[in-house]
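Single-structure report; data block below.
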Amino acid sequence: MSEFVEVSHEAAVCRVTLARPEKKNALTSAMYERLTRAFEEASADESIGALLLMGSQGVFTAGNDIGDFLAAAMAASAANTTPAGSRFIYTLAKFDKPLVAAIEGPAVGIGTTLCFHCDLVYAAPSARFSMPFVNLGLVPEAGSSLLAPLRFGMAKAAEALLLGEPFDAAAAKELGLVNEVVESEALAAHAFVKSAALAAKPREALLAARRLLRGDPAPLLARMDEELRLFHKRLRSPEARAAFMAFMEKAKG
């Protein structure tokens, strides 16, 4: 294990597991860096045909580790560099092989938005999706302001992104974010079987078909650029500072 992210290879599948269960797999900059490296290595490795992303001990991720997130954002701003989390979402969007996710428990923020970039998503009944960006004085990220309306329709996207209303696995399946709801005890094996099935397909045909399904990446990347610009502007706003202070006080209590 490295930086709370476990990486293993089996049957041409790269399995990447978030492994910080004591913090509900909340993501730190070091974890984002390890995720980015895992995706880049899987992309370059010709023996890998698909990547499976999952959480550990019944939890996908509670989103960003807020303390680490704020410190990293301030450091990146001072150094005029791109935070590790932002680098990861671009890596995710540009990943060129089939991507599968297995979701249990909370999938907060990036835990939900990364699902828009997956080819197949399987969820346990315990899965709870949420995109509470506006609640924290921020804006959506990872292209979700473009992808959610395309996937959900405008009305449901507004519920998820403007109201920040969470939704369960059954609702996610109805919205088209999840392919299938699978009992928790069978979820990991089911998602792996589907990942291995993708990895066993004729590789060039599979990748070409995937590119056709996704279409021109330029509009998505342009939207992600705009989201990132506004996201970091909002991070410096009084609204966001107040929201984060309230969140951290509640977490202490």
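Just so it is clear, none of the values below were taken in a lab; they were calculated from the coordinates. On a predicted model such as this, the values are computed, not experimentally measured, just so you know. Please note: Cβ atoms are built from the backbone with ideal geometry, for glycine as well, and neighbour counts cover all protein chains shown.
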* When Thr82 is evaluated against the numbered criteria (1) within 11 Å of the chain's Cα centre (by Cα); (2) not aromatic (Phe, Trp, Tyr); (3) not in a helix (DSSP H, G or I), which criterion, by number, is the only one it fails? -> (1)
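Which of the residues belonging to segment 44-59 are in contact (Cβ under 8 Å) with a residue 60 or more places away in the chain and assigned to a loop (DSSP other than H, G, I, E, B)?
So the first thing to find is which residues in segment 44-59 are in contact (Cβ under 8 Å) with a residue 60 or more places away in the chain, and the list is 48-54, 58.
Across segment 44-59, the qualifying residues are Ile48, Gly49, Gly58.
Going through segment 1-24 one residue at a time, which ones are closer than 17 Å to Asp68 by Cβ and without any contact (Cβ under 8 Å) to a residue 60 or more places away in the chain? Break it down stepwise before answering.
Looking only at segment 1-24, we keep the residues that are closer than 17 Å to Asp68 by Cβ, and these are 2-5, 18-24.
Once the filter is applied, which keeps residues that are closer than 17 Å to Asp68 by Cβ and without any contact (Cβ under 8 Å) to a residue 60 or more places away in the chain, segment 1-24 yields Ser2, Glu3, Phe4, Val5, Leu18, Ala19, Arg20, Pro21, Glu22, Lys23.
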* To do: Would you mind stating whether Ser56 is of a type in the set (Ser, Thr, Tyr) and touching a His at 6+ places or on another chain (Cβ under 8 Å)?
  => no
* Quickly run through segment 1-43 and pick out the residues that are out of contact with any Pro (no Cβ under 8 Å at 6 or more places or on another chain), part of a loop (DSSP other than H, G, I, E, B), charged (D, E, K, R) and under 16 Å from Val108 (Cα atoms). => Arg20
* To do: Could you grab the pairs with beta carbons closer than 6 Å, sequence gap of 6+ or different chains, first residue in segment 31-42 and under 10 Å from Thr91 (Cβ atoms), second one part of a helix (DSSP H, G or I) and β-branched (Val, Ile, Thr)?
  => Thr36/Thr91; Phe39/Thr91
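Considering only residues that are aliphatic (A, V, I, L, M) and closer than 21 Å to Arg223 by Cα, look in segment 79-98 and name the one that is surrounded by the fewest Cβ atoms within 10 Å (Cβ to Cβ).
Step one: list which residues in segment 79-98 are aliphatic (A, V, I, L, M), which gives 79, 84, 89, 92-93.
Filter once more, keeping what is closer than 21 Å to Arg223 by Cα: 84, 89, 92-93.
On the way: Ala84: 21, Ile89: 22, Leu92: 22, Ala93: 19.
Out of the qualifying residues, it is Ala93.
Matching residues to (1) of a type in the set (S, T, N, Q); (2) farther than 20 Å from Ala26 by Cα; (3) not in a helix (DSSP H, G or I):
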position: Met74; (1), (2), (3): no, no, no
position: Leu92; (1), (2), (3): no, no, no
position: Gly111; (1), (2), (3): no, no, no
position: Pro125; (1), (2), (3): no, yes, yes
position: Pro132; (1), (2), (3): no, no, yes
position: Pro140; (1), (2), (3): no, no, yes
